[in-house]
Amino acid sequence: MDLQDERVVTINGEVRKPGTILFRNNYTLKDALLESGGFTDAATVYRIEIARRLVDPAAAGISDKVAEVINIDIDRNLDLKGAQFALQPFDLVTVRRNPAYVEQKQVSVEGEVMYPGNYAIRSKKDRVSDLLNRSGGFSPTAYQEAVSLIRRAKQPKIQQEEKVKIIAEDLADSLDYRKVEELLDPVVKIAINMEEILRNPESDENLYLEEGDVLEVPKKDLLVKISGEVYSPTKTTFESGRSLQYYLNRAGGITEKGRKKHIYVVYANGHIAKTEKYLFGLIKKYPRVLTGADIIVPAKTIKTRVSTGEIIGIAGVLVSMAGMSISVMNTLRK
């Protein structure tokens, strides 16, 4: 019968194989580092931390101290004296990350620029305008008003894996894991005000770049889409200066189900403009239509009226529940 815990050493942080290692007699820090695969490129060999259990059989009181912490400096070849530091069972070894270590990060440009493709972020201060300049600027067919930035939403890996598992189980065979992961890997389309960025590079519109960003520069779209509650959803040629009503007429007009007061326009860069109302709704300002826009007419909300019989039924249930509550209270008082 084994009356003692298994004697181990735990090593974590910037080593290639972090984890738990069986302790052996005369076991040193160098042994633990070698057994864990050595340092990663991101490791700093300074301030390796060893947290040691406090075990004092003679101690009679309770101390606030929970561990003895020892900091040791060594070199990458494990040649310095500190590497020979003798470990004890249950030591926790932590190899810190070098604060100056930064892995290369990439962004990309797609569409109507002179040199589309991937670009490495050079500095934490790199912005959209820097990426545009490095890609050679806009091509003659670029639609500058429709530029957008695609950014992937960040989710903790464990949280993401749990969501994938739960949804895949709920959906059974209707979707495979890969498709579920695509659903749970949301991207954000950020509308870019290129005119403001080019006018003032220090503007807040000129976003700082993040790893994985994609700058999309579409070709000029000479069509306008009309969809939703119109008689003939369609695409029609953009004509400068034409009103919203003109394009609605090109789609046959609004159906009886359409909500004219709530029409909105989605522009090519993702910006959305809705109908604005002034003087208690007496004056309406409809969104401006630009090339590549999508005019959407939403449907009216159908309100279902509760019948007299349903109201009486609901009231009866509430009265019954109130009576039960009073009865329970009276019983408890006895």
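The values are calculated or read from the model by the stated rules, or taken from the named source; none is laboratory data. The structure presented is a predicted model; accordingly, all values stated were derived computationally and were not measured. Reconstructed Cβ throughout: ideal geometry from the backbone, glycine too, with neighbour counts over all protein chains shown.
Points to keep in mind about this one:
- Against the criterion of being closer than 26 Å to L22 by Cβ and of a type in the set (D, E, K, R), D91 qualifies.
- A273 in a strand (DSSP E or B), closer than 30 Å to R127 by Cα and not basic (K, R): yes
- Residue identified as among the β-branched types (V, I, T), surrounded by 11 or more Cβ atoms within 10 Å (Cβ to Cβ) and either at pLDDT 90 or above or part of a loop (DSSP other than H, G, I, E, B) (or both) among V55, V102, V69: V69
- Pick from the range 234-272, criterion within 12 Å of A293 (Cα to Cα) and among the small types (G, A, S), ranking: surrounded by the most Cβ atoms within 10 Å (Cβ to Cβ): A268
- From K300, K285, residue being modelled with pLDDT of 70 or more and touching a strand residue (DSSP E or B) at 6+ places or on another chain (Cβ under 6 Å): K285
- Evaluation of R47 against the conditions (1) at pLDDT below 85; (2) over 30 Å from R122 (Cα atoms) shows that the sole unmet condition is (2).
- Just one residue in the set K225, K189 is touching a strand residue (DSSP E or B) at 6+ places or on another chain (Cβ under 9 Å), at pLDDT below 90, surrounded by 13 or more Cβ atoms within 10 Å (Cβ to Cβ) and part of a strand (DSSP E or B); that residue is K189.
- Residue match in the range 112-125 (condition: farther than 30 Å from I74 by Cβ and in contact with a helix residue (DSSP H, G or I) (Cβ under 6 Å, 6 or more places away or on another chain)): yes
- Hey, K219 at pLDDT 90 or above and more than 30 Å from Y247 (Cβ to Cβ) or not: no
- In the set (1) part of a loop (DSSP other than H, G, I, E, B); (2) touching a residue at least 60 places away in the same chain (Cβ under 8 Å), E239 fails one condition alone, (2).
- Of the candidates A120, A172, A168, A153, the single residue that is modelled with pLDDT of 95 or more, more than 23 Å from D221 (Cα to Cα) and hydrophobic (A, V, I, L, M, F, W, C) is A120.
To keep it simple, each residue is scored yes or no on (1) assigned to a strand (DSSP E or B); (2) outside the structural domain of K124 (by TED's automatic domain parsing); (3) more than 34 Å from the chain's Cα centre (by Cα).
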{"site": "I197", "(1), (2), (3)": "no, no, no"}
{"site": "P201", "(1), (2), (3)": "no, no, no"}
{"site": "G212", "(1), (2), (3)": "no, no, no"}
{"site": "Q245", "(1), (2), (3)": "no, yes, yes"}
{"site": "V265", "(1), (2), (3)": "yes, yes, no"}
{"site": "K277", "(1), (2), (3)": "yes, yes, yes"}
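- Some residue of the range 254-270 being over 17 Å from P233 (Cβ atoms) and touching a His at 6+ places or on another chain (Cβ under 7 Å): no
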